[in-house]
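J.: Please find one structure pasted underneath; my questions will follow.
The values are calculated or read from the model by the stated rules, or taken from the named source; none is laboratory data. Because the structure is predicted, anything quoted here is derived from the model rather than measured. Every residue, glycine as well, gets a Cβ built from its backbone with ideal geometry; the counts of neighbours run over all protein chains shown. All accessible areas refer to the heavy atoms of the entire protein, side chains included, with ligands and DNA or RNA removed. Shrake-Rupley method; radii C 1.70, N 1.55, O 1.52, S 1.80 Å.
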Amino acid sequence: MKHQDATPSRGTGRDRTREDRTGQARTDRKRSGPERSEPPRPADEERTARELADALHALAGGVLPDPDAYRTARGEWLRRERRRRLVLTVLVAVVFTLATLIGLWVLNRTPAEPGVIFSGLGAAVADGPSLPRPPG
């Protein structure tokens, strides 16, 4: 059984009457304003909400800001910013130095004697005559 089966739609009765709390039938009248109104809140809920609001208001009223808070926070932020820039500068310098040293080490490890390609010894690779060169 679904909820809609158990509860009839509003105003669908054959004679459009409803029973009030006493069990007597009454007729629907046109109402002005919203169709549904919220049920009244229980007194306990209202009291709890009021007490909670009062407690939060008192707590917020007791909090006093530190008069030096902005200056302290700004100083910490500036120190962190300087430290971040210093770390980044050192990191860039270390990477650049390492790249330069590795490049110099690789260039220094090349053999001192000329390579096979430029030795000039041995026969030419092509057996036939080479292509003519343009004048110039």
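J.: Six or more apart or on different chains, Cβ under 9 Å: which pairs go from a residue in region 56-78 that's without any contact (Cβ under 8 Å) to a residue 12 or more places away in the chain to one that's charged (D, E, K, R)? Could you list them?
T.: Short answer, once both residue conditions are applied: Thr72/Asp66.
J.: If Asp127 passes every condition in (1) open to solvent by 100 Å² or more (accessible area, probe 1.4 Å); (2) modelled with pLDDT of 80 or more but one, which one does it miss?
T.: For Asp127, the failing item is (2).
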